[in-house]
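Structure provided below as structure tokens; questions to follow.
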Amino acid sequence: MTIFDDIRLLRVTYLRGPNLWTYRSALEVWLDLGELEKHPSDKLPGFVARLTAALPALEEHHCGVGERGGFLQRLVEGTWMGHVLEHVVIELLNLAGMPTGFGQTRSTSKPGVYRMVFRARDEAVARCALEHGHRVLMGVINGLAVDVSAAVQAVREAIDRAYLGPSTAHIVASATDRRIPHLRLNEGNLVQLGHGKRQHRIWTAETDRTSAIAEGIARDKDLTKRLITAVGVPVPEGRIADSAAAAWEAAEAIGVPVAVKPSDGNHGRGVTLDLTTREQVEAAWVLAEQEGSEVIVERYIPGDEHRLLVVAGQLVAAARGEAAWVNADGRQTVAQLVEAQLNNDPRRGETEDHPLGRIDVREDGAIVADLRRQGLHAEAVPEAGRRVLIQRNGNVAIDCTDEVHPDFARIASLAARTIGLDIAGVDLVAQDIAKPLAQQQAAVVEVNAGPGLLSHLKPAVGSPRPVGKAIVDHLFPPGDDGRIPLVGIAGGGSTSRIARLVAWLLQLSGRQVGLACREGLYLGTRRVDERDATDGALAERLLLNRDVDAAVFENDAATILDQGLVYDRCRIGVVTDLDNAAALERHDIRDADGLPRVLRTQMDVVLSDGCGVLNADDARIAELAQYCDGAVILYATKGAALAAHREAGGRAVLAREGAIVLCEGTAEEPLTLRGSTHLHLHELLPAVAAAWAFGLAPALLAAGIDTFDVHTCAETH
């Protein structure tokens, strides 16, 4: 059997935003097949069988055929290895739990060299999938043993390292459903929703509206109880105990049974319930003291634990807990019974993907204490038929949102508002949450900032609740998409002066305008960075800035090909020219005819209530109007180029005898300029059209042009 050299990966580029291929981030790979160019899939004996044996789910790939089994059909008919690599990488991502459907492979002008691209939500994960997919494919090609499970595990670990936690991811997905953009601000779960002045930030279930004072109060359980008691929220009587002996004194004063817990603990750690003897109370104090700065002894309230999620004063979800028990068979130890009857439940695990946690009967102090009270320990063998209590709390994962009586919704909301939390997890104990408060003994035991959402997103029993939507709606009222107006200006040549003029004109509307262009990064007329700000990492700073309420971005073809756009959508998109194709040879673009497909990206991202601005002097650019979801303004130095567009009632900007004329259908309005301008028509016309699309009145446009000084924007910090 012939052994083939590895497919060479010539260049790997992460495209962070909308690009030549797709609206979303992607990984583009230039690869050289070498000798494999002469050996498509149907020319390699046994290859298809080996590949489908290694990755049987490839049968589900539709490919260009458009139906299940489409890719297998292509394999049998014969397809090149670049295309096969695309599908292998996508399948590894699918198997690792990151469903991926988009991929393309295209030949270049050089024989054997291809451009392969696939959807990449994260660069590190995409590169990992590419590395292992490449290794698997070469193994299959050369008839070697391949370890697909190891490849999948490597990709899965990369996903675990790189991706948002499930609670944060759910909130971000809810924002995406409302077309609110997001930016990840660190390697953890700090995420910005929206842009510039209209942004909000989340950190899991905390927001930039979550008060630091309220968080501090919530951490202090004794202070929390005193405050919510004062407004009429029922709480269990309790006292701070600074020693084990003091804990028993408090228990005697309150009356047993009692609960003992750390004053500033969380997730139920160090909490022991239903204590009746001095030995139990003092042992529980030692356990609680290890988990917090102070220990509280409080009256034990019989009933089930409940977690009520309150967002902006409204109850949005509720979950109930239940005690965990095992049934003894007279043969197995307590630890073995727990593994067989509780920990084998697929809903239990160590990660946030599991609604229930694994139970450790040897290390969890509260469990050890409860077993001791029953005369047992982890290695004891209870008699057959005995029912053994393993865990009293920590299993809050049964959805009960629809059962909550209005009394409990009211006190949960009151507790959250009293502490001052915009998002709160209110823990309460009740015998039946569906019945009125007056008919039972019930109490709020904790109010938590930054509550976990998993019990509402993936309950062990019951329906998931759209808590992410509630949080997003809290931050962004209906109709608010968190976007500031963005203007993208794309061309094959230099568009810096156009971008600067547009930014100048937009400031006349009273907005704080940011500008990212080849000459630097600007806030108003102040240049804050002199580096080329067509680089996405620099340009993104405008989207992060809370002072910016409009921004202008210069994007040449190289920027789109090398990085993708820094924004997902824009209010106004401008395409000016098809110059400078010679500088794009490394992208396999040889002349201006290759540029419209690249610059189309700028039209693809115009919002439906936005506007595309196109140079009608070049028919290839004017044809990009078909890809714009919003309105279109054409501009030209020759009126004939605008005739059909104007006859259809469209807006246009034209040059006539040295003057600039704004047209809407047959109506015309000339701009009255006071003096001569140093700007050329190919700079003036697109800038005027973009500012007009933004909503500037003709008089303001004229004033802006008259007062624009190209040197004004060169001021540095």
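For segment 586-602, name all the residues that are without any contact (Cβ under 8 Å) to a residue 60 or more places away in the chain, under 15 Å from Asp556 (Cβ atoms) and in a helix (DSSP H, G or I).
Within segment 586-602, the first condition is being without any contact (Cβ under 8 Å) to a residue 60 or more places away in the chain, and the residues that meet it are 586-587, 589, 591, 593-594, 596, 600.
Adding the requirement that they be under 15 Å from Asp556 (Cβ atoms) leaves 586-587, 589, 594, 596, 600.
Result: Arg586, His587, Gly594, Pro596, Arg600.
Follow-up. Only one of these is without any contact (Cβ under 8 Å) to a residue 24 or more places away in the chain and outside any strand (DSSP E or B): Arg50, Arg24, Arg68. Name it.
Arg68
Any residue that is among the acidic types (Asp, Glu) and free of Cβ contacts under 8 Å to residues at least 12 places away in the same chain - is there at least one of those in segment 209-231?
Among the residues of segment 209-231, not one is among the acidic types (Asp, Glu) and free of Cβ contacts under 8 Å to residues at least 12 places away in the same chain, which makes the answer no.
Go through (1) under 16 Å from Glu446 (Cα atoms); (2) touching a strand residue (DSSP E or B) at 6+ places or on another chain (Cβ under 9 Å); (3) among the charged types (D, E, K, R) one by one and return the number of the condition Asp220 breaks.
Against the list (1) under 16 Å from Glu446 (Cα atoms); (2) touching a strand residue (DSSP E or B) at 6+ places or on another chain (Cβ under 9 Å); (3) among the charged types (D, E, K, R), Asp220 comes up short only on (2).
Looking at (1) in a helix (DSSP H, G or I); (2) surrounded by fewer than 18 Cβ atoms within 10 Å (Cβ to Cβ), which is the one condition that is false for Leu137?
Among (1) in a helix (DSSP H, G or I); (2) surrounded by fewer than 18 Cβ atoms within 10 Å (Cβ to Cβ), Leu137 violates only (2).
If you don't mind, there's one more thing I want to ask. Between Arg161, Arg156, Arg179, Arg106, which is of a type in the set (Lys, Arg), assigned to a helix (DSSP H, G or I) and surrounded by fewer than 16 Cβ atoms within 10 Å (Cβ to Cβ)?
Sole residue among the options that is of a type in the set (Lys, Arg), assigned to a helix (DSSP H, G or I) and surrounded by fewer than 16 Cβ atoms within 10 Å (Cβ to Cβ): Arg161.
Right, another one. Please tell me if Ala312 is within 31 Å of the chain's Cα centre (by Cα) and closer than 20 Å to Ser463 by Cβ.
On the way: within 31 Å of the chain's Cα centre (by Cα): yes; closer than 20 Å to Ser463 by Cβ: no.
Here the answer is no, as Ala312 does not meet what is asked.
Answer yes or no: is there a residue in segment 542-563 that is over 27 Å from the mean Cα position of the chain (by Cα), assigned to a strand (DSSP E or B) and surrounded by 21 or more Cβ atoms within 10 Å (Cβ to Cβ).
Yes: one or more hits.
Continuing with the same structure: Only one of Thr168, Thr204 is in contact with a helix residue (DSSP H, G or I) (Cβ under 6 Å, 6 or more places away or on another chain) and among the hydroxyl-bearing types (Ser, Thr, Tyr). Can you tell me which?
Criteria check complete, one pass: Thr204.
Okay, next question. Quick test for you: out of Ala655, Ala641, Ala616, pick the one residue that is touching a His at 6+ places or on another chain (Cβ under 8 Å) and touching a residue at least 12 places away in the same chain (Cβ under 8 Å).
Exactly one residue qualifies, and that residue is Ala616.
Could I ask something else about it? If Ser608 satisfies all but one of (1) surrounded by fewer than 20 Cβ atoms within 10 Å (Cβ to Cβ); (2) of a type in the set (S, T, N, Q); (3) in a helix (DSSP H, G or I), what's the number of the condition it fails?
So Ser608 meets the others, but not (3).
Residues are listed down the side, and each one gets a yes or a no for (1) under 27 Å from the mean Cα position of the chain (by Cα); (2) surrounded by fewer than 23 Cβ atoms within 10 Å (Cβ to Cβ):
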position: Ser463; (1), (2): yes, yes
position: Gly468; (1), (2): yes, no
position: Gly492; (1), (2): no, no
position: Val502; (1), (2): no, no
position: Arg518; (1), (2): no, yes
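Filter segment 418-442 down to the residues that are surrounded by fewer than 24 Cβ atoms within 10 Å (Cβ to Cβ), in contact (Cβ under 8 Å) with a residue 60 or more places away in the chain and among the small types (Gly, Ala, Ser) and list them by number.
Of everything in segment 418-442, just one residue is surrounded by fewer than 24 Cβ atoms within 10 Å (Cβ to Cβ), in contact (Cβ under 8 Å) with a residue 60 or more places away in the chain and among the small types (Gly, Ala, Ser), namely Gly420.
List the number of the failed condition for Arg527; all other conditions in (1) in contact (Cβ under 8 Å) with a residue 24 or more places away in the chain; (2) assigned by TED's automatic domain parsing to the domain that holds Pro686; (3) surrounded by fewer than 18 Cβ atoms within 10 Å (Cβ to Cβ) hold.
(3)
Enumerate the helices (runs of 4 or more DSSP H) found wholly within segment 196-267, keeping only those where 3 or more residues are surrounded by 17 or more Cβ atoms within 10 Å (Cβ to Cβ) and not assigned by TED's automatic domain parsing to the domain that holds Gln280.
212-219, 221-230
So, one more: List the number of the failed condition for Ile359; all other conditions in (1) over 22 Å from Val461 (Cα atoms); (2) in contact with a strand residue (DSSP E or B) (Cβ under 7 Å, 6 or more places away or on another chain); (3) not charged (D, E, K, R) hold.
For Ile359, the exception is condition (1).
Being without any contact (Cβ under 8 Å) to a residue 12 or more places away in the chain and over 30 Å from Leu20 (Cβ atoms), is that true of even one residue in segment 176-183?
no
Also, I was wondering about something else. When the residues of segment 347-368 are narrowed to those that are modelled with pLDDT of 80 or more and in a helix (DSSP H, G or I), which ends up surrounded by the fewest Cβ atoms within 10 Å (Cβ to Cβ)?
For segment 347-368, the residue satisfying everything is Val368.
Can you list residue pairs whose Cβ atoms sit under 6 Å apart, with the first residue in segment 239-258 being without any contact (Cβ under 8 Å) to a residue 60 or more places away in the chain and the second being assigned to a loop (DSSP other than H, G, I, E, B)? Count only pairs 6 or more apart in sequence or on different chains.
Pairs found: Ile240/Glu294; Ile254/Glu237; Val256/Thr276; Pro257/Thr276; Pro257/Tyr300; Val258/Tyr300.
Can you tell me which residue among Glu35, Glu59 is surrounded by fewer than 18 Cβ atoms within 10 Å (Cβ to Cβ) and either out of contact with any helix residue (DSSP H, G or I) (no Cβ under 6 Å at 6 or more places or on another chain) or in contact (Cβ under 8 Å) with a residue 60 or more places away in the chain (or both)? If you could, list the steps in order and put the result at the bottom.
On the way: Glu59 fails: either out of contact with any helix residue (DSSP H, G or I) (no Cβ under 6 Å at 6 or more places or on another chain) or in contact (Cβ under 8 Å) with a residue 60 or more places away in the chain (or both).
Testing whether each residue is surrounded by fewer than 18 Cβ atoms within 10 Å (Cβ to Cβ) and either out of contact with any helix residue (DSSP H, G or I) (no Cβ under 6 Å at 6 or more places or on another chain) or in contact (Cβ under 8 Å) with a residue 60 or more places away in the chain (or both) leaves just Glu35.
Taking only segment 695-717 into account, find how many residues are touching a strand residue (DSSP E or B) at 6+ places or on another chain (Cβ under 7 Å) and modelled with pLDDT of 90 or more.
1
So which residues in segment 428-461 are in a strand (DSSP E or B) and within 22 Å of the chain's Cα centre (by Cα)?
Taking segment 428-461 and keeping what is in a strand (DSSP E or B), we get 428-430, 443-449, 461.
Of everything in segment 428-461, just one residue is in a strand (DSSP E or B) and within 22 Å of the chain's Cα centre (by Cα), namely Ala449.
Considering each residue of segment 365-397, count those that are touching a Ser or Thr at 6+ places or on another chain (Cβ under 6 Å) and closer than 13 Å to Gly330 by Cα, and give that number. Break it down stepwise before answering.
Taking segment 365-397 first, the residues touching a Ser or Thr at 6+ places or on another chain (Cβ under 6 Å) are 366, 369, 379, 381, 396-397.
Subset that is closer than 13 Å to Gly330 by Cα: 379, 381.
Qualifying residue count, segment 365-397: 2.
Of the numbered conditions (1) part of a helix (DSSP H, G or I); (2) over 34 Å from the mean Cα position of the chain (by Cα); (3) more than 19 Å from Thr495 (Cβ to Cβ), Val688 fails exactly one; give the number of that condition.
Unmet condition: (3).
A further question follows. Any residue in segment 391-399 that is at pLDDT below 90, over 30 Å from Ile159 (Cβ atoms) and in a strand (DSSP E or B)? Break it down stepwise before answering.
Taking segment 391-399 as the starting set, the residues that turn out to be at pLDDT below 90 are 391-397.
Imposing the further condition that a residue be over 30 Å from Ile159 (Cβ atoms) reduces the set to 391-393.
Add one more test, that the residue is in a strand (DSSP E or B), and what stays is 391.
Within segment 391-399, one or more residues are at pLDDT below 90, over 30 Å from Ile159 (Cβ atoms) and in a strand (DSSP E or B).
For Thr2, are the conditions met, namely being outside the structural domain of Arg119 (by TED's automatic domain parsing) and in a loop (DSSP other than H, G, I, E, B)?
On the way: outside the structural domain of Arg119 (by TED's automatic domain parsing): yes; in a loop (DSSP other than H, G, I, E, B): yes.
So Thr2 passes the test.
A follow-up question, please. Would you be able to tell me the number of residues in segment 622-667 that are in a strand (DSSP E or B) and either basic (Lys, Arg) or surrounded by fewer than 14 Cβ atoms within 10 Å (Cβ to Cβ) (or both)? Break it down stepwise before answering.
Initially, segment 622-667 is screened for residues in a strand (DSSP E or B), giving 631-636, 651-656, 659-664, 667.
After this cut, where a residue has to be either basic (Lys, Arg) or surrounded by fewer than 14 Cβ atoms within 10 Å (Cβ to Cβ) (or both) as well, the list is 651, 656, 659, 667.
Residues that pass the stated criteria total 4.
The values are calculated or read from the model by the stated rules, or taken from the named source; none is laboratory data. These figures come from a predicted structure and were not determined experimentally. As a convention, Cβ positions derive from the backbone with ideal geometry for all residues, glycine included, and neighbour counts pool all protein chains shown.
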